[in-house]
Amino acid sequence: MENVVLLADENSKVWDFTKKIQKYIQERYLTNTEVYNLPISYFRNKEIRFDSTGNLRKKDVYLIQDSSKNPQDWWVELLLAKDMINSSSATSLSLILPNMLYSRQDRKDRPRVPLSARALANSISPGTNRIITMDLHAPQIQGFYPATTPLDNLFSSPEVVRYLKENHSSFIENLLILSPDAGGVTRASAFLKKFQEHFPDNQNFDIAFAIKERPKPGEVSDNIRYVGPSPKGKNVLIVDDILDSGGTLIRSSDKVKKEGAIKVAAYCTHGLFTKGLDGLKNSLEYILISNTHCQELEGVEVIDVSSVFGEAIFRSQEGKSISELFK
């Protein structure tokens, strides 16, 4: 790992995440990994520019991008940084995108709309050797990336189950895992499998899902249907990839409470909180997120997944299996 460089914007929220990755690799594998600052500045008209960073010649560069930035800046910075790194004679470039933005429009659900996930793939794939992300909004997005730029989609579920086991053991004794939409059933099933692995003698785990309607993007109607075993007498864990406004979680929580659920909590990998916390706090026992989006808010429990990325980077660099991380 001597020729490996972790590259991130020192003035962004992802810098601390990057330093945690460095610390994990150093402590776990007793090997040094350098961290370089990606110095970002602006022209007077707000165009993004990069100043000189450390020497990248013959280095394997892992660029770690901060998704809590303005999404448009996030995308343009990726393109400019990619060009800068490749122009610096780096041996290889891997993009570490803990939260991959522009993933929610991955299919043509209306006439004359762009496939934003495909447009992103087409723009960041050339000149990139590998992309690593976590809990991709839709796994089929991986199909937008060519074989020459493999995309590794890491899962946070093992870390979440460990966290709940250590911090909220009573909550998960009689647990129903709820996907807030039919598209998330695969994700909920993965959580169920992990709970069963950690608690082989507990037969009280089950899954269900809700069917919701969206009048327009970012809004959820009050007409939510519940499909699955009764939540009566159960604690319910709602699992999702993105927490945007929180409307889906609030309505899903209200629905299962009316059906007799005891306590309701939620885990969402990428916590955006575009409408704040007030409604969520009133509806949920616990609100859990990961630190992929670098958000820390009072009343929200943050699960650190930097070690998962650190392990993935090490395995990628050493030619070892990344799929072992899923076990």
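Each DSSP beta bridge with both residues in the stretch 40-163 is either parallel or antiparallel, and the antiparallel ones are about 20%.
Each residue of the stretch 316-323 was assigned a 3J(HN,Hα) from its phi angle through the Karplus expression (A = 6.51, B = -1.76, C = 1.60, θ = phi - 60°), giving 4, 5, 8, x, 9, 5, 7, 4 Hz with x at Gly and Pro. A simple rule links phi to the HN-Hα coupling: the Karplus curve 6.51 cos²θ - 1.76 cosθ + 1.60 with θ = phi - 60°, which for the stretch 11-20 gives 8, 9, 5, 7, 4, 4, 4, 5, 5, 5 Hz, with x for Gly and Pro. If you average the C-alpha positions of the stretch 104-126 and of the stretch 73-99 separately, how far apart do those two centres end up, in angstrom? Answer, in whole Å: 20. For the stretch 90-104, the Karplus equation 6.51 cos²θ - 1.76 cosθ + 1.60, evaluated at θ = phi - 60°, returns couplings of 5, 5, 8, 10, 10, 9, 9, 10, x, 10, 7, 6, 6, 9, 7 Hz by residue, with Gly and Pro reported as x. Under a Gaussian network description of the chain, with springs only between Cα atoms under 10 Å, the residue in 156, 88, 52 that fluctuates furthest is 52.
Out of the stretch 1-69, which trypsin sites (Lys or Arg not before Pro) are coil in DSSP terms and have no more than 12 other C-beta atoms within 10 Å?
44, 46, 57, 58
Proximity of backbone amide H atoms, modeled 1.01 Å from N, is registered between residue 36 and 6, 7, 8 at under 5 Å, excluding neighbours fewer than 5 places apart on the same chain.
Indicate the gyration tensor shape class of the stretch 84-159 (rounded, prolate or oblate), computed on the Cα atoms with a ≥ b ≥ c the square roots of the eigenvalues: a/c under 1.5 is rounded; otherwise a/b larger than b/c is prolate and the rest oblate.
Oblate is the answer for the stretch 84-159, as a/c is 1.5 or above yet b/c matches or exceeds a/b.
A Gaussian network model of the chain, with springs between Cα atoms under 10 Å, assigns the largest mean-square fluctuation among 99, 174, 153 to 174.
Between 288, 323, 238, the Cα set farthest toward the positive side of the dipole of the stretch 192-327 (charges on each charged residue's Cβ, about the Cα centre) is that of 238. FRET efficiency for the residue 112 to residue 79 pair, using the beta carbon distance and R₀ = 30 Å, is estimated at 0.75.
Taking all protein chains into account, the per residue accessible area for the stretch 239-327 stands at 40 Å² (1.4 Å probe).
Using a ≥ b ≥ c from the Cα gyration tensor of the stretch 88-239 (square roots of the eigenvalues), is it rounded, prolate or oblate, where a/c under 1.5 gives rounded and otherwise the larger of a/b and b/c decides, a/b for prolate?
The shape class here is oblate.
Dipole size of the chain about its Cα centre, with +1 on Lys/Arg Cβ and -1 on Asp/Glu Cβ: approximately 820 debye, rounded to the nearest 20.
With 26 Å as the limit, the listed pairs 165/281; 46/82; 69/320; 108/194; 212/257 have 69/320; 108/194 beyond it between alpha carbons.
Among 41, 252, 116, the residue with the largest mean-square fluctuation in a Gaussian network model of the chain, with springs joining Cα atoms closer than 10 Å, is 41.
The values are calculated or read from the model by the stated rules, or taken from the named source; none is laboratory data. Only a predicted model underlies this, so the values are computations on that prediction, with no experimental measurement involved. Cβ atoms come from the backbone with ideal geometry, glycine included; neighbour counts cover every protein chain shown. To get the accessible areas, we keep the full protein, side chains included, count just its heavy atoms, and leave off ligands, DNA and RNA. Shrake-Rupley method; radii C 1.70, N 1.55, O 1.52, S 1.80 Å.
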